[in-house]
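Colleague: One structure follows; several queries about it will come next.
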Amino acid sequence: MALLFGGAVGAAALRSPLGRKWSFPWAATENAVRDGLPLTALILARLGAAPGQRIADVGAGAGYFTFKLARVVGPHGHVLATDARADACVRLLYERARRDATNVSVRFTLQRRLMLPREQFDRVMMVDVFAFRQGLTRRNRALLRQAAAALRPGGLLLVAADTLHTTDHVPPYGGRISHDDARPEEIVALARAHFELASLDASPASPACQPERGRSPGYVLALRRRGARAA
Ligand SMILES: C[S@@+](CC[C@H](N)C(=O)[O-])C[C@H]1O[C@@H](n2cnc3c(N)ncnc32)[C@H](O)[C@@H]1O
């Protein structure tokens, strides 16, 4: 029954994964264009995932990183994919079932609350989640505090903000989630109480990855949670 249900949901999800607003690239769990981007290689290099790790993929969308990382962490590791959109969670559950990815779990969360268990993760990643808003210092600080609480000492928080688009790109949020995200320097400054800077890179440009008009180029920021153990 569960399989039948999963199949029905999945078929609908595949035909029109998350609606028109979810056009390229985040609607695709497998995406050859993204696979070839220097940005993707940079994100994975800075994340440094390894077998046995526990990773939280916050704002996982269709699970582009979730299922790649599930293969990396292997049977002794785990990836928790969260999203604040119910339709994304349905898609993630379908993709999980389709792949029989038993080391992946899915959680529906709120935008302002990461809702992650304490000190469980070696890595927390937020790729193009745009959760850190320019000027919203208290809110940004609270998100960083929550990410720190979820990480084991020495664990990494990776935040990447970018604009991937092609000529048929449609803004994915229909205006409901702003792309007006905070600058990485603001995030680093706010994170000081819990994190030290591990790395900060400007996104490598490529034809499919360029700043949107009027926006600064993207970045890949890695913050290491302060504490005894390096992970
Ligand atoms: C642009 S998509 C990126 C998806 C995925 N990280 C990727 O790189 O393919 C952003 C996703 O983050 C989700 N999201 C935005 N803010 C969130 C938050 N505070 N917590 C959890 N999910 C969030 C959105 O619903 C959406 O599915």
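Colleague: Inside segment 107-157, can you point out the residues that are of a type in the set (Lys, Arg), touching a helix residue (DSSP H, G or I) at 6+ places or on another chain (Cβ under 7 Å) and not in a strand (DSSP E or B)?
Modeller: Across segment 107-157, the qualifying residues are 112, 118, 141.
Colleague: Give all pairs with beta carbons closer than 6 Å in which a residue from segment 52-80 that is at pLDDT below 95 and outside any strand (DSSP E or B) meets a residue that is more than 11 Å from the ligand (Cβ to nearest atom) and polar (S, T, N, Q); count only pairs at least 6 apart in sequence or on separate chains.
Modeller: Going by the 6 Å Cβ cut-off, there are no qualifying pairs.
Residue by residue, here is whether (1) within 14 Å of the ligand (Cβ to nearest atom); (2) under 18 Å from residue 70 (Cα atoms); (3) crowded, with 20+ Cβ neighbours inside 10 Å holds:
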| site | (1), (2), (3) |
| --- | --- |
| 108 | yes, no, no |
| 122 | no, yes, yes |
| 135 | no, no, no |
| 143 | yes, no, yes |
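Colleague: Further question on the same structure: Take residue 98 and decide whether it is modelled with pLDDT of 85 or more, of a type outside the set (Gly, Ala, Ser) and either part of a loop (DSSP other than H, G, I, E, B) or away from the ligand (no atom under 11 Å from the Cβ) (or both).
Modeller: yes
Colleague: What pairs come up if the first residue lies in segment 101-125 and is closer than 14 Å to residue 61 by Cβ and among the small types (Gly, Ala, Ser), the second is assigned to a loop (DSSP other than H, G, I, E, B) and away from the ligand (no atom under 15 Å from the Cβ), and their beta carbons are under 8 Å apart, counting only those six or more places apart or on different chains?
Modeller: none
Colleague: Just one of 208, 161, 150, 202 is at pLDDT 95 or above, at negative phi and among the small types (Gly, Ala, Ser); which is it? Before the answer, list the steps.
Modeller: Values: 208 fails: at pLDDT 95 or above; 161 fails: at pLDDT 95 or above; 202 fails: at pLDDT 95 or above.
Selected residue: 150, the only one of 208, 161, 150, 202 that is at pLDDT 95 or above, at negative phi and among the small types (Gly, Ala, Ser).
Colleague: Can you find even one residue in segment 185-192 that is at pLDDT below 95, over 17 Å from the mean Cα position of the chain (by Cα) and either at negative phi or among the aromatic types (Phe, Trp, Tyr) (or both)?
Modeller: yes
The values are calculated or read from the model by the stated rules, or taken from the named source; none is laboratory data. Because the structure is predicted, anything quoted here is derived from the model rather than measured. A quick note on method: Cβ atoms are made from the backbone with ideal geometry, for glycine too, and the neighbour counts reach across all protein chains shown.
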